[in-house]
Amino acid sequence: MENRGMSPSKVTYTIVIDALVRSDDMERAFHVFSSMEKAGLVLDVYTYGVLIHGLCMKGNMIEASKLLHSMSDSHLEPSDVIFNIMIHGCCKEGSSYRALRLLKDMRKKGMVPNVASYSSTIGVLCNDGKWEEAEILLKEMTDSDSKPSVSLYNIISRVKNDTPVKLST
């Protein structure tokens, strides 16, 4: 493309980054991301989201968190989609503390977590035996007009009554 005197657009770069992430080539995805910055293109929330999603799916939450925090260097605020991706990643690695912190940050910014984020966080809290916190989060969920499933109530009830439950997130 550049050989023909044409420069790739932000959309083109993001499509290439997404394809690399989907093919599990994070190293090349970050190389293209770096090229995008060097080309002087303004980075956007969607491009960051693609990379954060890839890192979370690989279980690389430390790098995903660093990338999330680096968004402020580009004067970008994470979207609700990015927060939900991060919450799911934290739950997948079993970190109820980090998931709860992200939920709190999200609500502070006026965003509403989706049902999957609430459910994953409640599940990881129950895995940790923290049914009191799970109940509080369930109440917050219903107060925000999100509709929990019957299974969420059952999971909390089982953990509360000391029946061992192991959930997958």
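For the range 81-98, how many residues are surrounded by fewer than 16 Cβ atoms within 10 Å (Cβ to Cβ), touching a residue at least 12 places away in the same chain (Cβ under 8 Å) and either among the aliphatic types (A, V, I, L, M) or in a helix (DSSP H, G or I) (or both)?
1
Quick one: which residue in TYR118, TYR48 is buried (at least 21 other Cβ atoms within 10 Å of the Cβ), at pLDDT 95 or above, of a type in the set (Ser, Thr, Tyr) and outside any loop (DSSP other than H, G, I, E, B)?
So the residue among TYR118, TYR48 that is buried (at least 21 other Cβ atoms within 10 Å of the Cβ), at pLDDT 95 or above, of a type in the set (Ser, Thr, Tyr) and outside any loop (DSSP other than H, G, I, E, B) is TYR48.
Count, please, the residues in the range 134-152 that happen to be within 16 Å of SER120 (Cβ to Cβ) and at pLDDT below 90.
Residues flagged as within 16 Å of SER120 (Cβ to Cβ) and at pLDDT below 90 within the range 134-152 amount to 7.
Residues of the range 99-115 being surrounded by fewer than 19 Cβ atoms within 10 Å (Cβ to Cβ) and assigned to a helix (DSSP H, G or I), which ones?
Those that are surrounded by fewer than 19 Cβ atoms within 10 Å (Cβ to Cβ) and assigned to a helix (DSSP H, G or I): ARG101, LYS104, ASP105, ARG107, LYS108, VAL115.
Restricting to the range 58-79, what's the tally of residues that are under 10 Å from the mean Cα position of the chain (by Cα) and over 18 Å from THR14 (Cα atoms)?
2
Only one of (1) part of a helix (DSSP H, G or I); (2) within 19 Å of SER117 (Cβ to Cβ) fails for GLY59. Which number is that?
For GLY59, the failing item is (1).
Of the residues GLU93, GLU132, GLU140, which single one is within 16 Å of the chain's Cα centre (by Cα) and either more than 23 Å from LEU51 (Cα to Cα) or acidic (Asp, Glu) (or both)?
Only one candidate passes the filter, namely GLU93.
Given (1) in a helix (DSSP H, G or I); (2) in contact (Cβ under 8 Å) with a residue 24 or more places away in the chain, identify the lone condition not met by SER34.
Checking SER34 against (1) in a helix (DSSP H, G or I); (2) in contact (Cβ under 8 Å) with a residue 24 or more places away in the chain, the one that fails is (2).
Can you find even one residue in the range 58-80 that is in contact with a Cys (Cβ under 6 Å, 6 or more places away or on another chain), surrounded by 14 or more Cβ atoms within 10 Å (Cβ to Cβ), at pLDDT 95 or above and in the same structural domain as MET36 (by TED's automatic domain parsing)?
Yes, the range 58-80 contains at least one residue that is in contact with a Cys (Cβ under 6 Å, 6 or more places away or on another chain), surrounded by 14 or more Cβ atoms within 10 Å (Cβ to Cβ), at pLDDT 95 or above and in the same structural domain as MET36 (by TED's automatic domain parsing).
Would you say ASN161 is touching a residue at least 40 places away in the same chain (Cβ under 8 Å) and either in contact with an Asp or Glu (Cβ under 6 Å, 6 or more places away or on another chain) or more than 18 Å from LEU102 (Cα to Cα) (or both)?
no
The values are calculated or read from the model by the stated rules, or taken from the named source; none is laboratory data. Every value quoted in this text rests on a predicted model; they were computed, and no experiment measured them. For neighbour counting, all protein chains shown are included, and Cβ atoms are generated from backbone atoms with ideal geometry for every residue, glycine included.
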